[in-house]
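S.K.: What follows is a structure written as structure tokens; I'll ask about it next.
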Amino acid sequence: MNIVEVIQDQVIKGVKTLYGADVAPEQAVVSPTRKEFEGNYTVVVFPFTRAAKKKPEMIGEELGAYLVQEVPELESFNVIKGFLNLVVADTYWAQLVDDIYEQTNYGLQPRNGRKVMVEFSSPNTNKPLHLGHIRNILLGWSAYKILDAVGYDVVRVQIVNDRGIAICKSMLAWQRFADGATPGSTDTKSDHFVGDYYVRFEKEFRAEYEAWQETAAAEKVYEAEKKEELSKAAFFKAYKDKYFNQYSELGGAAKEMLRKWEANDPATRTLWERMNQWVYDGFNETYEKLGVTFDRLYYESQTYLLGKQLVDKGMDSGTFYKKEDGSVWADLEDAKLDHKTILRSDGTSLYVTQDLGTAHQRYEDFGVEKMIYVVADEQNYHFQVLFEILKRLEEPYADGLYHLSYGMVDLPSGRMKSREGTVVDADDLVAEVIEEARLNSAERDTTADLSEDQRQDIIRKIALAALKFFIIKVHPKKRMVFDPKESVDLRGQTGPYIQNAYVRIQSVIRNAGQFDLVAASSYTGLNDEERELTQLLFGFPQLIQTAANEMDPSHIAAFCYDMAKAYHKFYHEHSILSAESEAARAFRLKLSMAVSNTLRTGMDLLGIEMPERM
RNA sequence: GGCUCCGUAGCUCAACUGGAUAGAGCACCUGACUACGGAUCAGGAGGUUUAAGGUUCGAAUCCUUACGGAGUCACCA
């Protein structure tokens with residue numbers, strides 16, 4: 001039991017002893033004392049006024065005396081209004097630092113033997129990755145790291161959407177317009193190469209559509225279907241999908257390609273495999289740059305037929321029902337989710353069907369008890385439906401399903417729109433932040449003695465820290481504004497600010513040379529900055545647990561920033577190597593090492609690497 | 001329109017889940033290296049937490065209502 005738990009426990013006992021009342025643990029609030037007051041932890045006594053029938057000040061005095069009596073680590077207390085501030089003895093903090101300063105795994109829990117899965121990224125194979133994928137990937141990776149930190153074995157997966165009309169558009173455009181060009185022959189990153197043909201298709205299609213609008217056939221359609229309130233331009237804008245399906249030559253050809261693909265036509269399959277491979281090669285390059293890997297890939301082309309056996313199961317159990325036209329439905333009205341189609345009337349499956357089957361398949365593959373899906377919040381409804389159905393089907397993992405839903409990423413100019421070409425490409429973005437870090441690095445001579453390779457590696461780490469921290473510090477649920485200019489900032493509340501604190505510590509340790517730390521044990525009278533750092537260190541394991549419970553990496557980001565900030569302040573206020581005594585020097589070195597280890601661990605949970613110098 | 005989510009300093013974000021005088025960064029202004037890394041630190045200015053009610057000893061947080069924004073409501077994914 002740690003000090004906070006001990007205090008809470010004794011508060012409950014104290015209220016019982018002093019006033020004969022029972023209080024629930026959530027009533028016994030123990031929080032860190034605000035900076036402007038003396039003390040380390042504060043107990044709010046207002047909840048006990050009813051039972052005690054006394055003024056809050058009086059309760060504070062009585063409970064404070066009781067706690068100091070019962071808890072040896074508590075040195076003294078003071079009461080301000082209804083707040084009981086408790087002072088923990090320095091020896092307790094000193095002991096904590098002594099216990100952890102050499103632990104490189106401080107805060108991490110032992111393996112618990114339980115298995116979970118995190119699904120993230122999950123791109124379509126017709127376009128390169130963009131800023132939205134980056135938020136997804138960072139959240140997914142961090143979720144993996146955090147779950148791993150609290151003891152789970154985590155399987156990282158993604159579902160690759162490798163089939164469908166979109167990839168057929170790229171394939172068709174390549175077939176018609178590429179004249180045999182390849183990523184190699186054009187010196188284009190291979191996923192971008194495929195994406196370019198997707199764009200090409202859309203461009204050709206638009207031209208075709210515009211030309212068609214001038215024809216007599218189009219005029220006839222317009223006259224037949226026009227509505228009073230719609231202008232001609234607006235009508236045709238809304239008519240686009242219908243045109244694609246009914247009249248378009250290109251649309252017809254793309255759909256024909258999809259039919260051939262589904263019929264396993266060898267030539268189509270070969271082209272499909274070739275182009276998808278280009279995309280995968282490109283994705284892998286981007287993943288490598290971002291420092292993420294997967295344990296297992298699921299491909300939609302292999303899973304889109306799964307789920308039909310679950311449909312049978314649902315029919316047998318009455319979870320699903322069949323309409324006269326043969327389509328299969330789930331009635332989720334009592335869960336306020338309406339009726340949902342599970343199978344088309346022609347017996348083919350849908351998005352939900354596929355996800356039902358994939359979930360089941362994953363359980364068979366890995367036996368995981370939890371599945372975390374990192375998917376944008378536009379799919380909230382889909383996941384509610386999916387989870388509800390799996391629960392009704394009594395799938396064994398159904399209670400462990402979690403949709404890590406995150407908000408869209410906006411630009412200062414508004415929403416990213418692929419139509420308007422405002423989508424921020426992932427590779428471009430990474431290149432941009434690296435360039436910015438390079439410029440900043442060039443202004444300094446701190447790494448002048450290192451090799452070019454080492455310098456490039458440091459620049460890469462700084463750049464990615466800036467980018468990743470900028471995104472991960474925001475609460476996942478919230479829609480966020482991504483300002484490219486701010487994302488490359490290296491000062492203030494940023495990743496590099498935290499790296500800088502770490503690098504400073506490495507520098508101090510290097511400059512310390514050979515040192516002996518035994519004198520630390522006789523150090524007393526911690527100053528405010530030392531106590532602040534120590535108390536932060538103390539809270540780290542619980543913080544990770546909280547982040548895991550809430551699936552929220554932004555807590556970790558805030559913590560790392562707070563700790564770096566506290567260290568920078570400490571560093572300015574007190575000399576370490578020229579400390580006033582041997583004991584102070586030794587203690588501060590230990591404290592610095594503990595902070596260094598904790599920062600590295602914390603940032604690793606966000607997928608951010610620490611350079612030794614910068 | 002139904003359901004869900006969001007609204008905090010000029011801007012980007014916090015607030016330990018109902019606790020003390022709502023905190024950081026950016027931008028702006030003023031200071032600090034013959035001290036271990038100035039990618040730093042100290043200070044200033046900036047708020048009726050969209051609005052109005054309610055619950056409570058105590059509300060940015062919970063409950064109504066209004067306003068503003070977003071998402072979603074396919075036999076698409």
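The values are calculated or read from the model by the stated rules, or taken from the named source; none is laboratory data. The model shown is predicted, which means the values in this text are computed figures rather than measured ones. Virtual Cβ from ideal backbone geometry, glycine too; neighbours counted across all protein chains shown.
S.K.: Looking at the structure I just gave you, is A:Ala28 outside the structural domain of A:Asn527 (by TED's automatic domain parsing), touching a helix residue (DSSP H, G or I) at 6+ places or on another chain (Cβ under 7 Å) and more than 13 Å from RNA strand B (Cβ to nearest atom)?
M.R.: In short, no.
Yes/no per residue for (1) buried (at least 17 other Cβ atoms within 10 Å of the Cβ); (2) at pLDDT 90 or above; (3) more than 11 Å from RNA strand B (Cβ to nearest atom):
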position: A:Lys35; (1), (2), (3): no, no, no
position: A:Gly39; (1), (2), (3): yes, yes, no
position: A:Phe46; (1), (2), (3): no, yes, no
position: A:Arg50; (1), (2), (3): no, no, no
position: A:Pro56; (1), (2), (3): yes, yes, no
position: A:Ile59; (1), (2), (3): yes, yes, yes
position: A:Glu62; (1), (2), (3): yes, yes, yes
position: A:Tyr66; (1), (2), (3): yes, yes, yes
position: A:Glu70; (1), (2), (3): no, yes, yes
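S.K.: Here is a follow-up. Restricting to segment A:429-449, name every residue that is of a type outside the set (D, E, K, R), within 10 Å of RNA strand B (Cβ to nearest atom) and in contact (Cβ under 8 Å) with a residue 12 or more places away in the chain.
M.R.: Across segment A:429-449, the qualifying residues are A:Ala437, A:Asn440, A:Ser441, A:Thr446, A:Thr447.
S.K.: Check A:Thr348, A:Thr422 and return the single one that is modelled with pLDDT under 95, β-branched (Val, Ile, Thr) and within 8 Å of RNA strand B (Cβ to nearest atom).
M.R.: Answer to the selection: A:Thr348.
S.K.: State whether the residues of segment A:602-614 include one that is basic (Lys, Arg) and in a helix (DSSP H, G or I).
M.R.: Within segment A:602-614 (the criterion being basic (Lys, Arg) and in a helix (DSSP H, G or I)), the answer is no, since none of the residues qualifies.
S.K.: Same structure, new question: Is there any pair with a first residue in segment A:297-323 that is at pLDDT 90 or above and a second that is in a loop (DSSP other than H, G, I, E, B) and hydrophobic (A, V, I, L, M, F, W, C) whose Cβ atoms are under 8 Å apart and which are 6 or more apart or on different chains, and what are they?
M.R.: A:Leu310/A:Leu393; A:Lys313/A:Leu393; A:Gly314/A:Leu393; A:Ser317/A:Leu393; A:Thr319/A:Leu393
S.K.: Which pairs have Cβ atoms under 6 Å, sit 6 or more apart or on different chains, and link a residue in segment A:235-263 that is farther than 15 Å from A:Phe205 by Cβ to one that is of a type in the set (Ser, Thr, Tyr) and in a helix (DSSP H, G or I)?
M.R.: Going by the 6 Å Cβ cut-off, the qualifying pairs are A:Lys260/A:Thr268; A:Trp261/A:Thr268.
S.K.: Sort through A:Leu258, A:Leu271 and tell me the only one that's within 14 Å of RNA strand B (Cβ to nearest atom), in a helix (DSSP H, G or I) and either within 18 Å of A:His382 (Cα to Cα) or out of contact with any Lys or Arg (no Cβ under 6 Å at 6 or more places or on another chain) (or both).
M.R.: A:Leu258 is the lone residue from the list that is within 14 Å of RNA strand B (Cβ to nearest atom), in a helix (DSSP H, G or I) and either within 18 Å of A:His382 (Cα to Cα) or out of contact with any Lys or Arg (no Cβ under 6 Å at 6 or more places or on another chain) (or both).
S.K.: When segment A:378-393 is examined, which residues are found to be touching a residue at least 60 places away in the same chain (Cβ under 8 Å) and either within 16 Å of RNA strand B (Cβ to nearest atom) or surrounded by fewer than 15 Cβ atoms within 10 Å (Cβ to Cβ) (or both)?
M.R.: A:Ile389
S.K.: Out of all the residues in segment A:404-420, is one or more within 26 Å of A:Lys145 (Cβ to Cβ), among the small types (Gly, Ala, Ser) and within 18 Å of the chain's Cα centre (by Cα)?
M.R.: Yes, segment A:404-420 has at least one match.
S.K.: I've got another one for you. Restricting attention to segment A:404-415, report how many residues are at pLDDT 90 or above and assigned to a loop (DSSP other than H, G, I, E, B).
M.R.: So the answer is 3.
S.K.: While we're looking at this one, here's another question. Can you tell me which residue is nearest to RNA strand B (Cβ to nearest atom) among those in segment A:572-595 that are over 17 Å from A:Tyr101 (Cα atoms) and part of a helix (DSSP H, G or I)?
M.R.: Only one residue fits best here, namely A:His572.
S.K.: Next up: Inspect segment A:556-571 for any residue being within 8 Å of RNA strand B (Cβ to nearest atom), touching a Lys or Arg at 6+ places or on another chain (Cβ under 8 Å) and in a loop (DSSP other than H, G, I, E, B) and give the result as yes or no.
M.R.: no
S.K.: Since A:Val503 meets every condition but one in (1) more than 6 Å from RNA strand B (Cβ to nearest atom); (2) closer than 30 Å to A:His574 by Cα; (3) in contact with a Pro (Cβ under 9 Å, 6 or more places away or on another chain); (4) not charged (D, E, K, R), which condition does it not meet?
M.R.: (1)
S.K.: Condition (residue is within 26 Å of the chain's Cα centre (by Cα), more than 8 Å from RNA strand B (Cβ to nearest atom), among the aromatic types (Phe, Trp, Tyr) and outside any loop (DSSP other than H, G, I, E, B)) applied to segment A:534-555: is it met by at least one residue?
M.R.: The answer is yes, given that some residue of segment A:534-555 is within 26 Å of the chain's Cα centre (by Cα), more than 8 Å from RNA strand B (Cβ to nearest atom), among the aromatic types (Phe, Trp, Tyr) and outside any loop (DSSP other than H, G, I, E, B).
S.K.: Is it the case that A:Arg269 is of a type in the set (D, E, K, R) and within 30 Å of A:Gly180 (Cα to Cα)?
M.R.: yes
S.K.: Kindly indicate whether any position in segment A:475-494 is of a type in the set (A, V, I, L, M), closer than 19 Å to A:Asp410 by Cβ, touching a residue at least 24 places away in the same chain (Cβ under 8 Å) and within 8 Å of RNA strand B (Cβ to nearest atom).
M.R.: yes
S.K.: Next question, about the same structure. Quick check on A:Glu364: is it loosely packed, with under 14 Cβ neighbours inside 10 Å and in contact with a strand residue (DSSP E or B) (Cβ under 9 Å, 6 or more places away or on another chain)?
M.R.: no
S.K.: Would you kindly identify the strands (runs of 3 or more DSSP E) lying entirely within segment A:281-374 that contain at least 3 residues that are touching a Ser or Thr at 6+ places or on another chain (Cβ under 9 Å) and not assigned by TED's automatic domain parsing to the domain that holds A:Val430?
M.R.: Where strands (runs of 3 or more DSSP E) fall fully within segment A:281-374 and carry at least 3 residues being touching a Ser or Thr at 6+ places or on another chain (Cβ under 9 Å) and not assigned by TED's automatic domain parsing to the domain that holds A:Val430, they are A:328-331, A:339-343.
S.K.: Can we say A:Ile146 is among the aliphatic types (A, V, I, L, M) and farther than 24 Å from A:Ala254 by Cβ? First the steps, then the outcome.
M.R.: On the way: among the aliphatic types (A, V, I, L, M): yes; farther than 24 Å from A:Ala254 by Cβ: yes.
So A:Ile146 passes the test.
S.K.: Give A:Lys189, A:Lys169 a once-over and let me know the one that is within 16 Å of RNA strand B (Cβ to nearest atom) and in contact (Cβ under 8 Å) with a residue 12 or more places away in the chain.
M.R.: Details: A:Lys189 fails: within 16 Å of RNA strand B (Cβ to nearest atom).
Of A:Lys189, A:Lys169, the one residue that is within 16 Å of RNA strand B (Cβ to nearest atom) and in contact (Cβ under 8 Å) with a residue 12 or more places away in the chain is A:Lys169.
S.K.: Out of segment A:3-21, which residues are surrounded by fewer than 13 Cβ atoms within 10 Å (Cβ to Cβ) and assigned to a loop (DSSP other than H, G, I, E, B)?
M.R.: Within segment A:3-21, just A:Gly20 meets the criteria.
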